[in-house]
Structure formats: C-alpha cells, structure tokens
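Heads up, the thing below is written out as structure tokens.
Derivation of every value follows stated rules applied to the coordinates shown; laboratory data play no part. None of the values given here were measured: they were computed from a predicted structure. Backbone-built Cβ (ideal geometry, glycine too); neighbour counts: all protein chains shown.
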Amino acid sequence: MLERRTQKIKPPQMFQVVMLNDDYTPMEFVVHVIQEFFGKDLEAATQIMLKIHLDGKGVCGVYSRDVAATKVDRVLESANKAGHPLKCVSEPVDF
Ligand code: TYC
C-alpha cells in the first residue's frame with residue numbers, strides 16, 4: 001500500500017520553449033526577447049541567439065506546461081508587434 005502510493009508520485013511533465021531561426025529577425029531583437037522573457041543576462045542571451053542562428057533552433061528555458069505556453073504567447077505577440085517573423089514553440093521534455 002505504502003509502496004504503491006510512493007510509486008504513483010511522478011514529477012510533472014516539463015516543457016522546453018524552443019526558438020526557431022529565420023532569415024529576417026534582427027539578432028539584437030532576439031537577444032532582447034530572450035533577456036526580457038527568459039530572464040537571461042546579455043551574455044547568456046547572446047549565446048542562445050547564436051546557437052539558434054547556427055543550428056536552426058535552441059532552448060530558451062524549461063517550465064511547467066502553462067508557463068511555457070504563456071512564454072510562447074508573449075514572444076509571438078512581441079515579435080508580431082515589431083513586425084518580425086520570429087517563431088517559438090513549446091515541447092515536452094523527455095528524461
Ligand atoms: N538569423 C537571423 C539573422 O541573421 C538572427 C536570428 C537568430 C533570427 C535567432 C531568429 O531565433 C532567431 N538576422
């Protein structure tokens with residue numbers, strides 16, 4: 001009984017916010033967005049942006065489902081407002 005209850009407790013599924021490269025969004029804008037919405041400092045944000053630029057995509061952060069979805073919404077809203085095609089998605093992290 002005790003064992004069964006212990007086994008039932010699983011950590012919550014976490015979601016990574018993955019940002020995608022494109023040919024038009026300015027690098028400075030991407031760095032700014034990563035700093036503003038993912039709490040990174042200038043150096044960390046610049047490294048993530050360069051990784052996306054070179055590899056095609058990169059992880060900006062890992063969150064619960066709702067927080068990750070909200071981050072995606074905020075990024076897309078900000079990019080849209082500024083007229084940039086920047087895209088990002090939330091995807092489950094598997095351990
Ligand atoms: N590739 C873009 C450029 O050369 C920069 C960029 C980086 C765009 C990361 C999107 O998620 C991105 N201006």
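Below is a table of values for the structure above.
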read-out: Hits among lysines - C-alpha to C-alpha of LYS87 under 28 Å, sequence gap 8 or more where chains match; value: LYS40, LYS51, LYS57, LYS71
read-out: Cβ-Cβ FRET estimate between GLU28 and ARG65, R0 fixed at 30 Å, reported to 0.05; value: 0.50
read-out: Partner aspartates and glutamates for LYS10 [C-alpha distance under 16 Å; skip if fewer than 8 residues away on the same chain]; value: ASP94
read-out: Computed [θ] at 222 nm, deg cm²/dmol, the chain (DSSP H ≥ 4; -39,500 (n - 2.57); rounded to nearest 500); value: -17000 deg cm²/dmol
read-out: Among LYS81, LYS51, LYS71: highest mean-square fluctuation, GNM of the chain, C-alpha pairs under 10 Å; value: LYS81
read-out: Where only alpha carbons of the chain are counted, the Rg and the Dmax (Å); value: 16.1, 58
read-out: Förster radius 35 Å - calculated FRET efficiency between LYS81 and GLN7 (Cβ-Cβ, nearest 0.05); value: 0.15
